[in-house]
Amino acid sequence: MKYHNITKADMLNGEGLRVVLWVSGCSHKCLGCQNALTWDPNDGVEFNDDTIKEIYQELDQDWCSGLTLSGGDPLFLGNRKTIRDLVTNIKELYPTKTIWCYTGYTWEELMAQKELDKNLEDILNHIDVLLEGKFIMKLAEEKLHYVGSSNQRIIDVPKTREKGEIVLYIDNSDIYEEACRLKERLACGCDS
């Protein structure tokens, strides 16, 4: 697996201050993607033991809330084995740190794939929050928490797996609906 960057003390990609791994490889290729340069799985730097040490150094800090996996798509087929190993080790070494994972796949698509992919099942057993779904430009809203478009959900993975139904970690629907109402009022000149 390759990656593009590691962001330290990041406060935009999950709760608290986090270390973010920006992986290479994405098959979704969403129009308007803010990270299109990460789509090519062969572009970037090789993920190796030095990379893992760099991530662990951040996780060792008391102020670090956890790891966020972004990209690209951490759940791109070519990334899954490496991501599985990484999240399994982090949960073992840092049980109080949270793992957030962005993906263009929906929860339903992942559930359909997990029977065929043991790596995916293991990843889902070790992440806390899944930010899922393709970015859709016409549903974009800058006020949404942690995601870019209203179709994307922020799922509490342990509670969802326990209940057998989707449990949202953060529900952005009210924010999106209010933003749409405001845009409509501004478009019609109602607030002038």
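Of the residues in region 153-163, how many are basic (Lys, Arg) and either buried (at least 17 other Cβ atoms within 10 Å of the Cβ) or not in a helix (DSSP H, G or I) (or both)? So that I can check it myself, show each step before the final result.
Here is the first cut: in region 153-163, the ones basic (Lys, Arg) are 153, 159, 161, 163.
Okay, now just the ones that are also either buried (at least 17 other Cβ atoms within 10 Å of the Cβ) or not in a helix (DSSP H, G or I) (or both), so 153.
Selection size over region 153-163: 1.
Would you please name the residue that is farthest from PRO74 (Cα to Cα), looking only at residues in region 9-34 that are in contact with a helix residue (DSSP H, G or I) (Cβ under 7 Å, 6 or more places away or on another chain) and not in a loop (DSSP other than H, G, I, E, B)?
The selected residue is VAL19.
Can you find a residue that is crowded, with 22+ Cβ neighbours inside 10 Å, of a type outside the set (Val, Ile, Thr) and not in a strand (DSSP E or B) anywhere in region 83-94?
yes
Here is a check on your reading of the model: is LEU37 surrounded by 18 or more Cβ atoms within 10 Å (Cβ to Cβ), not basic (Lys, Arg) and not in a loop (DSSP other than H, G, I, E, B)? Quick ask: steps written out before the conclusion?
Numbers: surrounded by 18 or more Cβ atoms within 10 Å (Cβ to Cβ): no; not basic (Lys, Arg): yes; not in a loop (DSSP other than H, G, I, E, B): yes.
For LEU37, the condition - surrounded by 18 or more Cβ atoms within 10 Å (Cβ to Cβ), not basic (Lys, Arg) and not in a loop (DSSP other than H, G, I, E, B) - is not met.
Go through TYR146, TYR102 for me and flag whichever is surrounded by fewer than 20 Cβ atoms within 10 Å (Cβ to Cβ), within 12 Å of the chain's Cα centre (by Cα) and closer than 22 Å to THR7 by Cβ. So that I can check it myself, show each step before the final result.
Values: TYR102 fails: surrounded by fewer than 20 Cβ atoms within 10 Å (Cβ to Cβ).
Testing whether each residue is surrounded by fewer than 20 Cβ atoms within 10 Å (Cβ to Cβ), within 12 Å of the chain's Cα centre (by Cα) and closer than 22 Å to THR7 by Cβ leaves just TYR146.
Quick one: in region 1-34, of everything that is basic (Lys, Arg) and either within 20 Å of LEU144 (Cβ to Cβ) or loosely packed, with under 14 Cβ neighbours inside 10 Å (or both), which residue is farthest from the chain's Cα centre (by Cα)?
Of all residues in region 1-34, those basic (Lys, Arg) come to 2, 8, 18, 29.
Restricting the remaining residues to those that are either within 20 Å of LEU144 (Cβ to Cβ) or loosely packed, with under 14 Cβ neighbours inside 10 Å (or both) gives 18, 29.
Details: ARG18: 12, LYS29: 15 Å.
Within region 1-34, the match that is farthest from the chain's Cα centre (by Cα) is LYS29.
Identify all residues within region 42-53 that are surrounded by 15 or more Cβ atoms within 10 Å (Cβ to Cβ) and touching a residue at least 40 places away in the same chain (Cβ under 8 Å); write none if there are none.
GLY44, PHE47, THR51
Checking ASP43 against (1) of a type outside the set (S, T, N, Q); (2) at pLDDT 95 or above; (3) assigned to a loop (DSSP other than H, G, I, E, B); (4) under 21 Å from ARG153 (Cα atoms), which test does it fail?
(4)
Would you tally the residues in region 115-152 being in contact with a helix residue (DSSP H, G or I) (Cβ under 7 Å, 6 or more places away or on another chain) and not in a loop (DSSP other than H, G, I, E, B)?
So the count comes out to 11.
Which residues, counting only those in region 1-17, are in contact with a Gly (Cβ under 9 Å, 6 or more places away or on another chain) and either more than 19 Å from THR82 (Cβ to Cβ) or of a type in the set (Asp, Glu) (or both)?
GLY14, GLU15, GLY16
Within the group THR68, THR88, which residue is hydroxyl-bearing (Ser, Thr, Tyr) and touching a Leu at 6+ places or on another chain (Cβ under 8 Å)?
From the options THR68, THR88, the qualifying one is THR68.
The values are calculated or read from the model by the stated rules, or taken from the named source; none is laboratory data. Bear in mind the structure is a predicted one, so any value in this text is a computation, not a measurement. Virtual Cβ from ideal backbone geometry, glycine too; neighbours counted across all protein chains shown.
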